[in-house]
Amino acid sequence: MLLAATWMKPIKAQNSPGYERWAKTFNLKQAAKTLLFLQENGLDELEKLDGAAQAAKDDYGSGQSRIDEINIRQGEISELQKHIGVYIKTKDIYAEYRRQKFSNKYKSEHETALNSRKAAKAYFDSLGLEKLPTMNMLKQEYAALSAEKKTLYAQRSSKKSYMLEVLTAQQNVQRLLGYRDSEQAQGRAHDR
């Protein structure tokens, strides 16, 4: 849906009559597609088109932000599950260590397990957890987040497609009306 840009072709091809004919035909077809898209979506004013473009970008961005939040939370859940698993597996070893009144001999024999338990406890403390969530609760939350993420991924494709169509239409309208060229000329004059 993007208009042909003559600056993208080699200079020799730009000067050929065949290329000019192709570019004019291509540009007319793209302009017609753009006009049809604008009519179908009720974007008959520049303000509406600009608003729709911004709304499409915001909508796509918010969906992507939510996906990022879900990924972060799923990582947190996985980390918490890992530490809970270690804490549960070392429960008996720690109980025996306490029963033996914190014996140095027992500690040296089970140092790895006791250190893992201590690291897990430190992790829980860093999160401010007084009571550990159950593994079932964490699995359910993870599954719910996965389902939401799957839905967001399905929507993301159509949102991206619509956003690209609106942005392309906006760019084509600006090019057809000469906005981009005048903005670039003003920018070059400003740079001097």
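Of the helices (runs of 4 or more DSSP H) that lie entirely inside region 23-128, those containing 3 or more residues that are touching a helix residue (DSSP H, G or I) at 6+ places or on another chain (Cβ under 6 Å) and not acidic (Asp, Glu) span 46-89, 91-99, 111-127.
Table: residues versus (1) under 23 Å from Phe37 (Cα atoms); (2) at pLDDT below 95; (3) among the aromatic types (Phe, Trp, Tyr).
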{"site": "Ser108", "(1), (2), (3)": "no, yes, no"}
{"site": "Leu132", "(1), (2), (3)": "no, yes, no"}
{"site": "Met137", "(1), (2), (3)": "no, no, no"}
{"site": "Glu148", "(1), (2), (3)": "no, no, no"}
{"site": "Lys160", "(1), (2), (3)": "yes, yes, no"}
{"site": "Val173", "(1), (2), (3)": "yes, yes, no"}
{"site": "Leu176", "(1), (2), (3)": "yes, yes, no"}
{"site": "Arg180", "(1), (2), (3)": "yes, yes, no"}
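Condition check for Lys121 on (1) among the charged types (D, E, K, R); (2) surrounded by 13 or more Cβ atoms within 10 Å (Cβ to Cβ); (3) within 30 Å of Leu43 (Cα to Cα): one failure, at (3).
Matching residues to (1) touching a strand residue (DSSP E or B) at 6+ places or on another chain (Cβ under 6 Å); (2) closer than 17 Å to Ala169 by Cα; (3) at pLDDT below 90:
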{"site": "Ser16", "(1), (2), (3)": "no, no, yes"}
{"site": "Ala31", "(1), (2), (3)": "no, yes, yes"}
{"site": "Leu36", "(1), (2), (3)": "no, yes, no"}
{"site": "Glu40", "(1), (2), (3)": "no, yes, no"}
{"site": "Glu47", "(1), (2), (3)": "no, yes, no"}
{"site": "Asp68", "(1), (2), (3)": "no, no, no"}
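Quick one: is Lys131 exposed (fewer than 11 other Cβ atoms within 10 Å of the Cβ) and closer than 17 Å to Leu80 by Cα? Yes, satisfied. Within region 79-112, if we keep just the residues that are of a type in the set (Gly, Ala, Ser) and loosely packed, with under 12 Cβ neighbours inside 10 Å, the residue that is farthest from Lys131 (Cα to Cα) turns out to be Ser108. Among the residues of region 127-178, the ones that are of a type in the set (Val, Ile, Thr) and over 30 Å from Glu45 (Cα atoms) come to 2 in all.
The values are calculated or read from the model by the stated rules, or taken from the named source; none is laboratory data. This structure is a prediction, so every number in the text was calculated from the model and none was measured. For neighbour counting, all protein chains shown are included, and Cβ atoms are generated from backbone atoms with ideal geometry for every residue, glycine included.
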